[in-house]
Amino acid sequence: MKIKQLSVFLENKPGQLCVMTKLLAENEINISAISLADTSGFGIVRMIVDDPEKAQSVLSDAGIIGMITEVSAIAMNDVPGGLSSVLNALSAAQVNVEYMYAFVSVRSGKALMVVQTDAIEKAESVFQSSDLHAISPSDIYRI
Amino acid sequence: MPIRQPEIECLNAEELKDMQGKLLSSQVKRMYENVVCFRGRMDEAGLKPDDIKCIEDIGKLPFSYKSDLRDYYPFGLFAVPMKNIVRTHASSGTTGKRIVVGYTAKDLDVWSDCIARMLTGIGVTDDDIVQVSFGYGLFTGGFGLHGGAEKVGATVIPMSSGNTALQIQTMADFGATVLCCTPSYAMHLGEEAKRMGMIDSLSLRIGIFGAEPWTEEMREKIEETLHIKAYDIYGLSEIMGPGVAEECEYQCGMHIWEDHFYPEIIDPDTCERLPDGSTGELVLTTLTKEGFPLIRYRTRDICRLNRTPCRCGRTHVRLMKPQGRTDDMLIIRGVNVFPSQIEEVLMHVSGNIITPNYQIIVDRVNHTDTLDVLVEMSRELFADNVKSVENLEKSITEQIRSALGLSPRVHLVNPNSIIRSEGKAKRVIDKREGKI
Ligand SMILES: [Zn+2]
């Protein structure tokens, strides 16, 4: 399923991550998953939250830039080779993975994987034809 | 657009020179009698007031400097008794001791005349409502524009600087059609008005901006954000305040009112006078000022004069946008750097979408100068992709390097994290003092 991810620009300064997570907590926004990509100069935080639009506006008011992007979320089989078979299927369809990170959905208790590829629609059809557990929006968002 | 005083603003070159020569010679006589510092310099140079007969003789006269204003603080350079001085202004003294200037009633009248000429020339009339958001007080900005706007009969809102939200509310409620402030504050007001959703409640059509350097790109951005035409105004309190030179409707250089101010361009190192069209330091002489006259004052502004005829029909020479100040110039690893060069690069990066808010930090580490440039990130520039943000950083670095011949370290920072002053922007922090 396609889900919304919030990506945030963080300048390279101590406490930036802390300021951001505190703001989200104060506004009762739950972070299900977080991943940090950083360089010597800046960082990009990627998050799955239960209310991405609200999170973006809360951060924006505090002078923090966030943007909402679409990524794929899949539920994996909890058996050896689960991830490998997904990646094989993507590779066979010539879809490249840009980044991925895993999380447990607090709403459903499912183990989920966030995958960003260079061709999201193609990836989605690969996932649909694979042997993966279906997930629903209520697994992720506050609905 | 109408011309307020065509008999002066369009006076032919010959007659203008003749007028300037007469004014200079009587100014020199008066100052020789009344200003101790000037008399001393004339005597030192072996000059008598009678040696100055025409405007070309100005090259013989001694220069005056900002340090003179400090040395004769507060009233030592005034050329009339204090009972004839009706107003004083002073600088904030950011670099050392304050300087004080004084005006007679006639000086104030000339000042508002100069500004009224500009206002008329860009179409401001008694139907306009002018919000003056330059600081009122010892700074010349607020009172300067105020006098000129009243002279053309406009309705003045003496807002002064600060309290951005109230500024925007007042503009909207009072229906201000003209805004006067520093260009960086205009940018700030525009961004805030947009953020508050108030842009469409404004009736502005004209902006008059000055008191700090700004680029053509900044002009475009301000014009676009506030839906106005933005005009440049030049001045310095030592000479009068804003209004020494101003743009006409064609926005192509600022006419210096030559019946009051005589400009020269010199090489700041050799002090030689340079031919028309050369870039160098602007030197100004006040031809009519009574209270606080100055002869050949070194402004430290680096600029160029344009004597070609202007489309508006005015004959007074045009001052092309100052490129920097001799004292703003940074020498970094032996290279001359003007902050405006970095500003220009930032405006061009990514097709002018960068908010040009930046700060230059110069330091010295292990006997070597370092140059760091902080650039505020914006939503338009951000992408969920490490590569593209890295490329942005690299592209800014590369373009500054090629513009200056120096490699900077560029840091992308959060929006609005660089302090914006309500008045002048603090663009440069030089931490090298005392370091070797
Ligand atoms: Zn003109």
Identify the residue in region B:374-388 that is among the hydrophobic types (A, V, I, L, M, F, W, C) and within 14 Å of residue A:99 (Cβ to Cβ) and, among all such residues, is farthest from the chain's Cα centre (by Cα).
B:386
All conditions in (1) facing chain B (nearest Cβ under 10 Å); (2) more than 19 Å from residue A:3 (Cβ to Cβ); (3) modelled with pLDDT under 90 are true of residue A:37 except (2)
Specify which of the listed residues (B:61, B:69) is surrounded by 15 or more Cβ atoms within 10 Å (Cβ to Cβ) and at pLDDT 95 or above.
B:61
Please go through region B:281-334 and pick out each residue that is within 30 Å of residue B:373 (Cα to Cα), of a type in the set (Asp, Glu) and open to solvent by 50 Å² or more (accessible area, probe 1.4 Å).
B:327, B:328
Here are B:293, B:268: which of them is modelled with pLDDT of 95 or more and in the same structural domain as residue B:58 (by TED's automatic domain parsing)?
B:293
Here are some conditions: (1) of a type outside the set (S, T, N, Q); (2) in the same structural domain as residue B:17 (by TED's automatic domain parsing); (3) open to solvent by less than 10 Å² (accessible area, probe 1.4 Å). Residue B:337 meets all but one. Which one does it not meet?
(2)
Would you point out the residue of region B:51-75, among those that are touching a strand residue (DSSP E or B) at 6+ places or on another chain (Cβ under 8 Å) and among the hydroxyl-bearing types (Ser, Thr, Tyr), that is farthest from residue B:41 (Cα to Cα)?
B:73
List the pairs whose first member sits in region B:286-314 and is hydroxyl-bearing (Ser, Thr, Tyr), whose second member is within 16 Å of the ligand (Cβ to nearest atom) and open to solvent by 10 Å² or more (accessible area, probe 1.4 Å), and whose Cβ atoms are under 9 Å apart, counting only residues at least 6 apart or on separate chains?
B:308/B:318
For residue B:363: the one exception among (1) within 14 Å of chain A (Cβ to nearest Cβ); (2) in a strand (DSSP E or B):
(1)
Unmet criterion (only one of (1) part of a helix (DSSP H, G or I); (2) within 16 Å of the ligand (Cβ to nearest atom)) for residue B:316
(1)
Return the only residue of B:276, B:259, B:328 being farther than 29 Å from residue B:185 by Cβ, away from the ligand (no atom under 14 Å from the Cβ) and either modelled with pLDDT under 95 or within 14 Å of another protein chain (Cβ to nearest Cβ) (or both).
B:276
Restricted to region B:197-249, and to residues that are within 14 Å of the chain's Cα centre (by Cα) and among the hydroxyl-bearing types (Ser, Thr, Tyr), which residue is nearest to the ligand (Cβ to nearest atom)?
B:231
Residue in region B:154-169 that is within 20 Å of residue B:114 (Cβ to Cβ), of a type in the set (A, V, I, L, M, F, W, C) and in a helix (DSSP H, G or I) present
no
Scan region B:271-297 for residues that are part of a strand (DSSP E or B) and in contact with a Ser or Thr (Cβ under 7 Å, 6 or more places away or on another chain) and report the count.
5
Find all pairs meeting these conditions: Cβ atoms under 9 angstrom apart; at least six residues apart or on different chains; first residue within region A:53-81 and farther than 30 Å from residue B:381 by Cβ; second residue among the hydroxyl-bearing types (Ser, Thr, Tyr) and in a loop (DSSP other than H, G, I, E, B).
A:74/A:130; A:75/A:105; A:75/A:108
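What's the total number of residues in region A:48-66 that are more than 11 Å from chain B (Cβ to nearest Cβ) and within 17 Å of the chain's Cα centre (by Cα)?
Here is the first cut: in region A:48-66, the residues more than 11 Å from chain B (Cβ to nearest Cβ) are A:48-55, A:57-58.
Cutting the leftovers down to within 17 Å of the chain's Cα centre (by Cα) gives us A:48-55.
Matching residues across region A:48-66 total 8.
Which is away from the ligand (no atom under 16 Å from the Cβ) and open to solvent by less than 10 Å² (accessible area, probe 1.4 Å), of B:412, B:374? Don't jump to the end; show me each part of the working.
Details: B:374 fails: open to solvent by less than 10 Å² (accessible area, probe 1.4 Å).
Testing whether each residue is away from the ligand (no atom under 16 Å from the Cβ) and open to solvent by less than 10 Å² (accessible area, probe 1.4 Å) leaves just B:412.
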Quick one: what pairs do we get from region B:394-415, first residue away from chain A (no Cβ under 11 Å), second at pLDDT 90 or above and part of a loop (DSSP other than H, G, I, E, B), C-beta under 6 Å, 6+ apart or different chains?
B:400/B:408; B:401/B:407
Please enumerate the residues belonging to region A:17-31 that are open to solvent by 30 Å² or more (accessible area, probe 1.4 Å), in contact with a strand residue (DSSP E or B) (Cβ under 8 Å, 6 or more places away or on another chain) and within 30 Å of residue B:409 (Cβ to Cβ).
A:17, A:21
Criterion: in the same structural domain as residue A:122 (by TED's automatic domain parsing) and either under 21 Å from residue A:36 (Cα atoms) or surrounded by 15 or more Cβ atoms within 10 Å (Cβ to Cβ) (or both) - qualifying residue of A:79, A:95:
A:95
With the condition kept exactly as written, say whether any residue in region A:32-47 is more than 19 Å from the chain's Cα centre (by Cα) and open to solvent by less than 10 Å² (accessible area, probe 1.4 Å).
yes
Kindly indicate whether residue A:97 is in contact with a helix residue (DSSP H, G or I) (Cβ under 7 Å, 6 or more places away or on another chain) and at pLDDT 90 or above.
yes
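The values are calculated or read from the model by the stated rules, or taken from the named source; none is laboratory data. Remember, predicted model here, so these are calculated numbers, not experimental data. Using ideal geometry, Cβ is built from the backbone for each residue, glycine included, and neighbour counts are taken over all protein chains shown. Protein only, heavy atoms only, side chains kept; ligands, DNA and RNA dropped before computing areas. Shrake-Rupley method; radii C 1.70, N 1.55, O 1.52, S 1.80 Å.
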